[in-house]
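Some notes on the structure that comes next.
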Amino acid sequence: MDPALEENPVAGTILRQLSPVPAYHIVDRDALIHELNSYGDDPRYEGKQILLIDRYAGQLVKDCPGTKGHICCGYKVINVVTNCPMDCSYCILQVYLNNPFVTVYPEFDKIFGEIEEIMNEKSHHFFRFGTGELGDSLVLDQITGFSREAVPFFAGKHNGILELKTKAADVDHLLSLDHRGKTVVSWSLNPAKLVQEEEFHTASLHERMQAARRCQNAGYFLGFHFDPLVCYPGWQEDYRELVDLLFQHVDPRGILWISLGGLRFPPSLKKTAHERFPKTKVFSGELVPGDDGKFRYLKPIRVEMYRKMLSWLREYDPNLFVYLCMERGDVWQAVYGTSPKHTAGLNRRFEQRIIDAWRSRT
């Protein structure tokens, strides 16, 4: 832990929860990172066994970086935790993060202050915030306690909503919170085959579905992210079965949004993933480098997957709000016959969706 956080109440709570696990003050974080990266057999795995409580240099709430030339959803990323104890073979954080440790930034007052500033500066604009971009939102939430503060905080806001995105299933601490429909609990989903073979230390598909149903029963809006969609022999049958399983557990009328995103990754990830997960088959499809330098499936493959997923989802509810993550306007056009054209256009669609959902509950 950074010694400067000695008096931080959140840091103190985390240390008490983890007692009697040994805790140490870190004098030189960079030296520790260098040591692990230089001498560890698998620094990324070993880093997941260490929790670093640290200060964050700069803003804790930032715009989602998006991808140049692609339509972004305009998300605001809350940096509470980076990295996580889960270990998915395709996770981009393996090559994206310079710090291999699971890191918590406990300056919650600073986070909420930055959120307030963003919302007050444009009080007539609507913002979506989330903690699940650089780490899982819930896998450490019982330890950090962030949601216990964030959910009631957003409950009192008129122009902001919080998304908790996860592959975990421990939601007990959320069920009694006063959320007032201002928090969305979302799950990343893939067929059971991929969960078992590629998503290590995550909750099972059945456990995720049960957790989603419990949150829906507690009045939360739900979100689901079919991202990354992975193309392999038999994907149609497996993803169709996944969609059917989803709606055996939850009511589609309580789903606020669903995203679809094809597998995409920087070139360095494939080598790293194969070194760490020799049996992975995720990267064996027809993948080519795109304008952003990331490898993606050929456009006809992506369009086919999106169209099929969209048709299967809308069999259950034609009014489901389903969007594409990090795709160009021409792909939107091919899938939907229309396109939001740019990030601002997709933002407007999100805003209208959320307003309509809130009105339906009043």
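The values are calculated or read from the model by the stated rules, or taken from the named source; none is laboratory data. Just so we're clear, the structure is a prediction, and the values are computed from it rather than from any experiment. Because the Cβ atoms are built from the backbone with ideal geometry, glycine has one as well, and the counts that use them run over all protein chains shown.
Does Leu18 fit the bill of being surrounded by 15 or more Cβ atoms within 10 Å (Cβ to Cβ), of a type outside the set (Lys, Arg) and in contact with a strand residue (DSSP E or B) (Cβ under 9 Å, 6 or more places away or on another chain)? No: the conditions fail for Leu18.
Does region 197-213 contain any residue that is over 25 Å from Leu140 (Cβ atoms), part of a helix (DSSP H, G or I) and at pLDDT 95 or above?
To start, the set of residues in region 197-213 that are over 25 Å from Leu140 (Cβ atoms) comprises none.
The answer is no; no qualifying residue exists.
Looking at region 67-183, the strands (runs of 3 or more DSSP E) lying wholly inside it that each contain 1 or more residues that are aromatic (Phe, Trp, Tyr), within 13 Å of the chain's Cα centre (by Cα) and buried (at least 19 other Cβ atoms within 10 Å of the Cβ) sit at 127-130.
The residues on offer are Arg302, Arg307, Arg240, Arg253, and the sole one that is among the basic types (Lys, Arg), over 26 Å from Tyr75 (Cβ atoms), in a helix (DSSP H, G or I) and in contact (Cβ under 8 Å) with a residue 24 or more places away in the chain is Arg240. If the condition is being farther than 27 Å from Val282 by Cα, out of contact with any strand residue (DSSP E or B) (no Cβ under 8 Å at 6 or more places or on another chain) and either assigned to a helix (DSSP H, G or I) or at pLDDT below 95 (or both), then region 214-237 contributes Arg214, Asn217.
Of all residues being of a type in the set (Gly, Ala, Ser) and under 27 Å from the mean Cα position of the chain (by Cα) in region 1-52, which is nearest to Thr272 (Cα to Cα)? Just the residue, please.
As a first pass, look at region 1-52 and keep what is of a type in the set (Gly, Ala, Ser): 4, 11-12, 19, 23, 31, 38, 40, 47.
Next, from what is left, pick out any that are under 27 Å from the mean Cα position of the chain (by Cα): 11-12, 47.
Details: Ala11: 33, Gly12: 36, Gly47: 15 Å.
So the residue we want is Gly47.
Residues in region 320-344 that are touching a residue at least 24 places away in the same chain (Cβ under 8 Å) and either small (Gly, Ala, Ser) or in a loop (DSSP other than H, G, I, E, B) (or both): Leu320, Phe321, Cys325, Met326, Arg328, Gly329, Ala334, Ser339, Pro340, Lys341, His342, Ala344.
The combined condition, being in contact with a strand residue (DSSP E or B) (Cβ under 6 Å, 6 or more places away or on another chain) and of a type outside the set (Asp, Glu), is not fulfilled by Leu194. Is there any pair with a first residue in region 29-52 that is part of a loop (DSSP other than H, G, I, E, B) and a second that is of a type in the set (S, T, N, Q) whose Cβ atoms are under 7 Å apart and which are 6 or more apart or on different chains, and what are they? Partner pairs satisfying both residue conditions: Lys48/Asn83. Val10 meets each of the listed conditions (1) surrounded by fewer than 12 Cβ atoms within 10 Å (Cβ to Cβ); (2) modelled with pLDDT of 90 or more apart from (1).
Yes/no per residue for (1) small (Gly, Ala, Ser); (2) out of contact with any Leu (no Cβ under 7 Å at 6 or more places or on another chain); (3) at pLDDT below 95; (4) more than 30 Å from Ser339 (Cβ to Cβ):
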{"site": "Ile26", "(1), (2), (3), (4)": "no, no, yes, yes"}
{"site": "Asp30", "(1), (2), (3), (4)": "no, yes, yes, yes"}
{"site": "Asn37", "(1), (2), (3), (4)": "no, yes, yes, yes"}
{"site": "Gln49", "(1), (2), (3), (4)": "no, yes, yes, yes"}
{"site": "Leu52", "(1), (2), (3), (4)": "no, yes, no, yes"}
{"site": "Arg55", "(1), (2), (3), (4)": "no, no, yes, yes"}
{"site": "Asp63", "(1), (2), (3), (4)": "no, yes, yes, no"}
{"site": "Gly66", "(1), (2), (3), (4)": "yes, yes, yes, no"}
{"site": "Ile71", "(1), (2), (3), (4)": "no, no, yes, no"}
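The residue that is nearest to Arg44 (Cα to Cα), counting only those in region 271-289 that are surrounded by fewer than 18 Cβ atoms within 10 Å (Cβ to Cβ) and out of contact with any helix residue (DSSP H, G or I) (no Cβ under 8 Å at 6 or more places or on another chain), is Glu275. For region 239-253, the set of residues classified as surrounded by 17 or more Cβ atoms within 10 Å (Cβ to Cβ) and among the charged types (D, E, K, R) is empty. Of all residues in region 105-120, those that are out of contact with any Leu (no Cβ under 8 Å at 6 or more places or on another chain) and closer than 12 Å to Val61 by Cβ total 8. Of the numbered conditions (1) under 18 Å from Arg264 (Cβ atoms); (2) surrounded by fewer than 16 Cβ atoms within 10 Å (Cβ to Cβ); (3) among the small types (Gly, Ala, Ser), Gly337 fails exactly one; give the number of that condition. All conditions pass for Gly337, except number (1). The residue pairs whose first member lies in region 56-70 and is closer than 21 Å to Phe112 by Cα, whose second member is modelled with pLDDT under 90 and hydrophobic (A, V, I, L, M, F, W, C), and whose beta carbons are closer than 9 Å, counting only pairs six or more residues apart or on different chains, are Asp63/Cys72; Cys64/Cys72; Cys64/Cys73; Pro65/Cys72.
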